[in-house]
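Computed from the coordinates by the stated procedures, all read-outs in this text should not be read as laboratory data. Given the structure is predicted, the values throughout are model-derived calculations rather than measurements. Counting neighbours? That spans all protein chains shown, and the Cβs are built from the backbone with ideal geometry, glycine included.
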Ligand SMILES: *Cc1c(COP(=O)(O)O)cnc(C)c1O
């Protein structure tokens, strides 16, 4: 029987380009610097042996520990399958397909558009200024019908923080019309910049967090949405009944123990030191035009011939993330912080490139 399954699918899904995750892009690397993961595994042991039972929808210990870590109350915290699920739950709860829109500011994280496209929700973009800060007048012009504004700070892939005064202005602009969603996936690398404390002032502020980056648990799939109780209650209406498997909650609770948080902070200090070293080394490489400042566990750099550099490193098993096609990022590659040894291998490989690529 020959049946065209494709034509049965929703039009927006047929048109969809799936998120180009680092894993999907493949490669045979042994130095993975392309997904902003922590470079080494952190060991855990499972303590729960109750897999015959369904898990709690919102595991109490995980929620309480994350709330304490973030300086909030438990009713201001929602746990989900990564921050990515938080991005999508907000659209499902707040955006009417074909009517409401979301807005974000490229170059930025790719899942805002993927989630909107999957759900059939219009998305609008306002390119960031040359210094990657918000173009507030242009945003103001496009806010009609927008329900969610996603601001990534520190921003992926550029590494910069968004000016807090601009975020405050945007919060005043959106009050009563839209939620402002601050994606803080990398906030552990610059904890003093968090907007979590602003939740008491702004009922329409939402903060996204994850265990995937500084907590070294990308494979766990656990993230958090921080907001005031009316927002959290709406999200609880649309979340799956059992979003967090029992082993996930088990490991997440351990990662959020006092020792778990202390270990994370030690890792952050090491990675921040590696970043300072790598930035200084990159700036000395003939093939590097510019290294951008970063508040995260990655560096963005502009190369004289980024496709050649990307390919030469790929062939040696060193996998970076190509940003060449992102608006404003021609010639740019994003480099996740590896171990010091991996950073040294990268620099050695760049220094050994033939002159025509440098
Ligand atoms: C990695 C990342 C996420 C997704 O985190 P998960 O918890 O792994 O889903 C969200 N936002 C940004 C900006 C990221 O870089």
Residue order, fewest to most beta carbons within 10 Å, for 208, 134:
134, 208
Could you work out how far apart the two model spin labels at residue 258 and residue 3 are, taking each label as a point 7 Å from the Cα in the direction of the beta carbon, and quote it in nm?
6.0
To two decimal places, what compactness ratio does region 16-151 give when its Cα radius of gyration is scaled by 2.2 N^0.38 Å?
1.32
Give me the one-decimal nm value for the distance between modelled label points at residue 30 and residue 324, 7 Å along each residue's Cα-to-Cβ direction.
2.7
Measure out, as a whole number of angstrom, how far apart the alpha-carbon centroids of region 133-150 and region 98-129 sit.
11
I need 14, 168 ordered by Cβ neighbour count within 10 Å, fewest first.
14, 168
Per the 1/(1 + (r/R0)^6) rule, R0 = 35 Å and r from the Cβ atoms of residue 60 and residue 100, FRET efficiency to 0.05 is 0.55
Residue 127 and residue 352 label points (each 7 Å along its Cα→Cβ direction) are spaced in nm at 3.8
Return the whole-Å distance between the Cα centroid of region 190-206 and the Cα centroid of region 284-306.
30
